[in-house]
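Structure first, then comments.
Just so it is clear, none of the values below were taken in a lab; they were calculated from the coordinates. Given the structure is predicted, the values throughout are model-derived calculations rather than measurements. For neighbour counting, all protein chains shown are included, and Cβ atoms are generated from backbone atoms with ideal geometry for every residue, glycine included.
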Amino acid sequence: MRTQSFPALLSLRVWVAILLIGGAAASTRIAGQQSPVTNNSIAMNAPVIPLREAIAVPAGAPDIPSTLALTDDDRVQLAIGNYQRLLDENRISGNREGTAEELVAMASAYRAIHQEQKALDLFQSAIAIFHDLGNRDYEATALAHVGDVYREWGFSDTALRFYGQARGVYSETSDKQGQAAALNNSGVAWLSLSNRKKCLEFLEDAITSYQALQDGRQEALALSNLGAAHFYFSDRPEKALQAFQQAVSKMQILGDKSGQANALDMMGFVWLKAHRDDMAVSSFQKARDLYHDLGDARGEARVTGHMLQPPQADRSKPGRMTVMAGASPEPLILTAARLRVSEETR
């Protein structure tokens, strides 16, 4: 029996960065649906930071010639094959908990290569087993992951239903981190549905929860999302700036340069809306410099493009974030909260 906590297997065996609007916005790949946030990989998802940052081939996978260059998708497929082998072994031995854990690992791998329906089927099978075993923590986390898949896929209304179920189960457990993540990601989903009241309500609750947990990193991400929400809804630019500035300060203390760059990039657009081109350029420059220090050429190029926009900025529609095919890079990159991860070994 494994002692590691779900979803630790994601970080230990298949490192799939599941970020949203950032973390996470809804994908625009679904015909007939358009979200205010797009997927760069999101988000604060789908619509967010590139999804696959580093995917490790799990132990036990076939040896690969060092001269063979593998793509991320190749590595995911190898991981899936290994998980299938372990899944079969657990089923034969009657290890239901192990079976459910392998189902979750496979689902996460399929999610990384955008095979959403397979991911959903596997997550649902795992949820049924966790429910039968009375493992409410794992059941809640799997439900939240289903919500993430639907949100990234473009079905935010369905995502909210699963986030709601997850929060209901979390309320029966001691997993406050999971509850906070579900609140944050619910706020992201409401943003994609342009529901100001619900979006701000859930993001503010998430921030309060992270403060109680003294989790500065996730609090900073939620603050960044709150700033993006205020920008999108075009209600109070000063509120957006306040949230972004708090997020940047916390990320700076934590040494999170990528998070700082993202928040500073979005702050630039808020300053543009406030008709402060000088502050906008300064914010963009800081973001660009951080991306340069990180060796993130894509981020650096994106912000450089934003720096060329001030003179032509369309302030008649300051809150518009939707990016159509072929349009200029989307400025909003929200970050979806990760569900808890226990760094225990197998």
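Observations, loosely collected:
- Local electrostatic count at SER249 - Lys and Arg +1, Asp and Glu -1, tallied over other residues with Cβ under 14 Å: +2
- Residue-count net charge about VAL149 - beta-carbon cut-off 11 Å; Lys, Arg +1, Asp, Glu -1: -1
- Across the stretch 207-305 the C-alpha pair distances fall into 5 Å bins from zero in the proportions 3, 16, 24, 23, 20, 10, 4, 1 percent.
- Model label sites at GLU97 and ASP132, defined 7 Å from Cα along the beta-carbon direction, differ in position by 1.6 nm.
- Applying 0.36 nm per residue to the separation of LEU193 and ALA301 and subtracting their alpha-carbon distance, the gain on full extension is 35.9 nm.
- Taking each residue as 0.36 nm, the span from GLN84 to GLN211 lengthens on full extension beyond its C-alpha to C-alpha distance by 41.8 nm.
- Most to least packed among 239-248, 145-154 [average Cβ atoms within 10 Å]: 145-154, 239-248
- Relative exposure of LYS118, LYS273, judged by other C-beta atoms within 10 Å (fewest first): LYS118, LYS273
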